[in-house]
Amino acid sequence: MSSATFGARPAGPAVIAKHAPLFTGNDWDFDTIRRIHDACEAIAGPELGLSWYPNQIEIITAEQMLDAYASIGMPLFYKHWSFGKHFAQHEAGYRRGLMGLAYEIVINSDPCISYIMEENTATMQTLVIAHAAFGHNHFFKNNYLFRQWTDAEGILDYLDFAKTFISRCEERYGHNAVEAVLDAAHALMNQGVHRYPRKKRPDLSSEQRRERERQEHQERMYNDLWRTLPAKAQAGRPDPQAERRRALLELPQENILYFLEKAAPRLQPWQREILRIVRHVAQYFYPQRQTKVMNEGCATYNHYRIMTRLSETGQINEAAYLEFLQSHTNVIRQPTYDDRHYGGHNPYAIGFAMMTDIARICTEPTDEDRAWFPDIAGSGDAMEVLRDVWANYRDESFIAQFLSPKLMRQLRLFHVTDDPDKPELRVEAIHDERGYRRLRRAFARQYDVAWLDPDIEVVDVDLEGDRKLILHHKVLNRVLLNKDDAMRVLQHLADLWGYDVLMKEVDTATGAVLKEHTASARPTFF
């Protein structure tokens, strides 16, 4: 692996004269890479107004790219059997010609690391540098979710610590013991994130004092009523001891790995640290799950602008620009629902189409655009609007706010309801004003992680009895968890907790318990 680091230069005047081509043919060397980076930088800053972390370009082989695939794209990562399994699968597919490899992988860090394949042509190196080193890099640095949840400066040092710590644990406690904890933690990874900024932990002593003051006030105001309440109703009053216990344990708690790290009674300190490592990795990737369309849309739109400008100024020739257009067109292709290649919505296609459409609304609005988007229609500065969008939205809110009727028609979107209790499909929205709004809400919901991920919380634990852990799954639209998957994950949870676990699937509309799952800790886990 070879690398070079490029600092972010201050933006200069937006004047680009005609230049000699950056390269001719497909071959390149490190000087070519530097020239390409500097040329892209001269457009990204002055013309597009992007800001980014310093770039670190890593040149890697196909095998190193496969290795990066296996370790979820991180440059430093601990060992786990699943990574080797993924490597073998990807390598077999690649060697047989059944799959291709990504042209690049980019890491949200400071400096921002971009892996680019040594097999790429000079044109493709230009494309991936524009896409990753400036498009993704700008999004990582400026989007509020990444600023809120990730530490770009510290992530590489932390991963180095995590890799070293787990290696030492394997030497001291044995490979099987460490692997068992990692297996359980990985199974709970999606339930190991804080979805909202955490409130300051309450001062329990002041909370108890305030609770006593509230109770005394109520007793003074309603003394006669207290005496007339039947004994059965009195028994239904909140249990102060239970309330204090739940407050001490910060219940209900949506971050199950955090709860286990802090409260699981049988875990050793090294096991708690491994849970903490997995939890931090899950939190690092949490913003990326919520911004796939926007992130790829930002990178694709900016690489298109940069490559087009390089062509206009003569820095890449017509052959290179045609090679770029072929690759770009393949990336943003969206097969229709009846195409045999259809596999859902392509985030590159949706993202690029929406960014391009927003730029059109800003510069060439129609009357329909002015009615739907009065704040941005005709504003003239498309990049200012786009930079604001990239900084302040996630996929769900972005689509709900900016998907236009024109683009819905262009993409031929429609909304169909499949009710299992009815024999036919129902078209819920047509292309009229009311239908556009319903279609946009339905489409945006497909990117809402709060809607897609099961809402599971730890609600209580019997610390004085059998220490059974109680969880609730808040069920939407009566969609229950898959029984087999739920039981496998619940077993991992019970192993980490060390005692029995009970999960109730509760209908959010009625409060009724629809199903219960139980699991007991295996004595061989530790």
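Checked across the stretch 442-454, the condition of being surrounded by 20 or more Cβ atoms within 10 Å (Cβ to Cβ), assigned to a helix (DSSP H, G or I) and in contact with a Pro (Cβ under 6 Å, 6 or more places away or on another chain) holds for no residue. Within the stretch 365-394, track down each residue that is within 20 Å of the chain's Cα centre (by Cα) and over 18 Å from R305 (Cβ atoms). Listed by number, the residues that qualify are N392, Y393, R394.
Scanning the stretch 283-294 for residues that are at pLDDT 90 or above and hydrophobic (A, V, I, L, M, F, W, C) yields V293, M294.
Here G380 meets each of (1) surrounded by 12 or more Cβ atoms within 10 Å (Cβ to Cβ); (2) on the phi > 0 side of the Ramachandran plot; (3) not polar (S, T, N, Q) with one exception, condition (1). Is it the case that I306 is at pLDDT 95 or above, outside the structural domain of P405 (by TED's automatic domain parsing), under 28 Å from the mean Cα position of the chain (by Cα) and not aromatic (F, W, Y)? Yes: the conditions hold for I306.
If A353 satisfies every condition in (1) among the small types (G, A, S); (2) surrounded by 17 or more Cβ atoms within 10 Å (Cβ to Cβ); (3) more than 18 Å from K406 (Cα to Cα) but one, which is the exception? With respect to (1) among the small types (G, A, S); (2) surrounded by 17 or more Cβ atoms within 10 Å (Cβ to Cβ); (3) more than 18 Å from K406 (Cα to Cα), A353 is out only on (3).
Among the residues of the stretch 491-507, write down those that are closer than 15 Å to L182 by Cα and touching a His at 6+ places or on another chain (Cβ under 8 Å). Quick ask: steps written out before the conclusion?
Step one: list which residues in the stretch 491-507 are closer than 15 Å to L182 by Cα, which gives 491-497.
The answer is none; no residue qualifies.
The residues in the stretch 127-178 that are assigned to a helix (DSSP H, G or I), small (G, A, S) and more than 19 Å from P54 (Cα to Cα) can be counted, and the count is 3.
Within the stretch 475-511, the set of residues being basic (K, R) and either part of a helix (DSSP H, G or I) or surrounded by 15 or more Cβ atoms within 10 Å (Cβ to Cβ) (or both) comprises K483, R488, K504.
Taking the criterion of being surrounded by fewer than 19 Cβ atoms within 10 Å (Cβ to Cβ) and hydroxyl-bearing (S, T, Y), the only residue of the stretch 122-146 that qualifies is Y144.
The conditions of being farther than 24 Å from T336 by Cβ, small (G, A, S) and modelled with pLDDT of 95 or more are met by A382.
The values are calculated or read from the model by the stated rules, or taken from the named source; none is laboratory data. Source: prediction; values computed, not measured. Neighbour counts run over all protein chains shown; Cβ positions are idealised from the backbone, glycine included.
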